[in-house]
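The values are calculated or read from the model by the stated rules, or taken from the named source; none is laboratory data. Everything numeric here is computed off the predicted structure, so don't read it as measured data. A quick note on method: Cβ atoms are made from the backbone with ideal geometry, for glycine too, and the neighbour counts reach across all protein chains shown. These area figures cover heavy atoms from the full protein model, side chains too; ligands, DNA and RNA do not enter into them. Shrake-Rupley method; radii C 1.70, N 1.55, O 1.52, S 1.80 Å.
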Amino acid sequence: MSTAFRWVEQARSGRARAGHLHTAHGTVPTPTFMPVGTVGTVKAMTMDAVRSTGAGIVLGNTYHLMLRPGAERVRALGGLHRFMDWPGPILTDSGGFQVMSLGPLRKLDQDGVTFSSHIDGSKHRLTPERSTDIQHALDATITMCFDECPALPAAPEVIAQSMRMSMRWAARCREAFVQRLGYAQYGIIQGGTEAELRAESVRALTGIGFEGYAIGGLAVGEGQELMFSTLDATTPLIPWDSPRYLMGVGTPDDLLGSVERGVDMFDCVMPTRAGRTARAYTERGTLNLRNARHAVDSRPISPHCDCLACTRHSRAYLHHLFRANEILGPMLLTWHNLAYYQRLMRGIRSAIVEGSLEAHAAWLRAQWAMEDW
Ligand SMILES: CNc1nc2c(CCNCc3ccccc3)c3nc(N)[nH]c(=O)c3cc2[nH]1
Ligand SMILES: [Zn+2]
């Protein structure tokens, strides 16, 4: 049954919301954490493993996929869903952020960005239209606007000029977007940590009209306090029935505080990157499993986890795998970390539905402050 793209509220607790995001590729409960699938794979995970952690939406990336294997090749092979064998919704970032943070030798102008591939040095150009066309070729369920994410700290005038350029680019992206039932395009709110500039950006984007709105320009070193104060100045201005996506965030504590401030969707490389560097997320903070203290610890990483690492193995085994540089180490620990992030989001979502978010948030924060078991 084909379904229009929309977010439907199920419950609320203050500014926090629980609901369902209906898309052409299925319905996802929110708040939701979206595993990052950079080059068409969630690193060290099969898509069945990603599904088993409870993930609903995964991320793809225009920058990486346009360089390799190329958007036209993915289109010819049936699109990113077929290519990755992921039937659920896929959100693709627009590439601007990755060019500015990854690509060597890039030149930004009012029309777009020219850069050299970090893979083979070949020349490429991204514009609002080209980024939108590439995401269409990938058959992304949710397409992101092509924007500029300015480095912080920066003078308000610099932030204002950058945001206004991104707003002009957003209008061009909307023009280039091919509307399809169950598909969406999100505008990206910019404006640094300046409340008035954030408000100007929300007005510009809601004036154009998008199916959802992302809060960009954060998680670039501003710190949690400034990130939260910027959310306080921004999310109340976004239409209540529009989904909100905070880009690149974050730690478990960031996720909880951002849900409390009206955010529904998140992506972050932390759980997957930590999984490859022997860092384990638990209900009581993180563990460095390379540490010698785990060498003879027969307990699971977490007693509350149903993942493969926690039901079948010990901390001592994970310690051994990382010490021996065995591939199974990153596989099992990435699985565990993603399972932890999904369990965290499910618990927060249930608390909103049951009207107990305040107590649940206090309990989570008390747990994170405790020593490891
Ligand atoms: C980590 N902090 C942070 N990340 C930000 C991103 C990228 C979000 N992650 C997307 C991704 C997709 C696939 C593979 C890897 C990453 C942004 N993207 C855009 N377009 N605009 C932003 O302002 C912006 C700000 C960010 N801050
Ligand atoms: Zn586990």
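Here are some notes:
- If the condition is being away from ligand 2 (no atom under 14 Å from the Cβ) and either on the phi > 0 side of the Ramachandran plot or not in a loop (DSSP other than H, G, I, E, B) (or both), then segment 281-291 contributes Gly285, Asn288.
- Close Cβ contacts (under 8 Å, 6 or more residues apart or on different chains) running from residues in segment 77-105 that are aromatic (Phe, Trp, Tyr) to residues that are within 16 Å of ligand 2 (Cβ to nearest atom) and outside any strand (DSSP E or B) comprise Trp86/Val50.
- Of the helices (runs of 4 or more DSSP H) lying entirely inside segment 23-79, the ones with 1 or more residues being of a type in the set (S, T, N, Q) and within 16 Å of ligand 2 (Cβ to nearest atom) are found at 47-52.
- Checked against the criterion of being more than 19 Å from Ser101 (Cα to Cα), polar (S, T, N, Q) and either within 16 Å of ligand 1 (Cβ to nearest atom) or open to solvent by 40 Å² or more (accessible area, probe 1.4 Å) (or both), the candidates Thr230, Thr272 yield just one match: Thr230.
- Total residues in segment 249-267 satisfying the condition of being in contact (Cβ under 8 Å) with a residue 40 or more places away in the chain, open to solvent by 10 Å² or more (accessible area, probe 1.4 Å) and within 11 Å of ligand 1 (Cβ to nearest atom): the figure is 1.
- Residue count for segment 174-212, restricted to those that are touching a Lys or Arg at 6+ places or on another chain (Cβ under 6 Å) and under 23 Å from Val249 (Cα atoms): 1
- Residues of segment 311-326 that are within 14 Å of ligand 2 (Cβ to nearest atom) and in contact with a His (Cβ under 6 Å, 6 or more places away or on another chain): Arg315 alone.
- Residue list for segment 25-39, restricted to those being open to solvent by 20 Å² or more (accessible area, probe 1.4 Å) and either charged (D, E, K, R) or touching a Pro at 6+ places or on another chain (Cβ under 8 Å) (or both): His25, Gly26
- Segment 292-315, residues that are open to solvent by less than 70 Å² (accessible area, probe 1.4 Å), part of a loop (DSSP other than H, G, I, E, B) and free of Cβ contacts under 8 Å to residues at least 40 places away in the same chain: Ala295, Asp297, Pro300, Ile301, Ser302, Cys305, His313, Ser314
- Residue tally, condition touching a strand residue (DSSP E or B) at 6+ places or on another chain (Cβ under 6 Å) and more than 10 Å from ligand 2 (Cβ to nearest atom), over segment 292-310: 0
- Annotation: Val178 fulfils all but one of (1) in a loop (DSSP other than H, G, I, E, B); (2) farther than 24 Å from Arg75 by Cα; (3) open to solvent by 20 Å² or more (accessible area, probe 1.4 Å); the unmet one is (2).
- Members of segment 72-110 that are over 23 Å from Met247 (Cα atoms) and of a type in the set (Gly, Ala, Ser): Ala76, Gly78, Gly79
- Pairs where the first residue, in segment 323-342, is without any contact (Cβ under 8 Å) to a residue 24 or more places away in the chain and the second is part of a helix (DSSP H, G or I) and surrounded by fewer than 24 Cβ atoms within 10 Å (Cβ to Cβ), C-beta under 7 Å, 6+ apart: Leu328/Leu321
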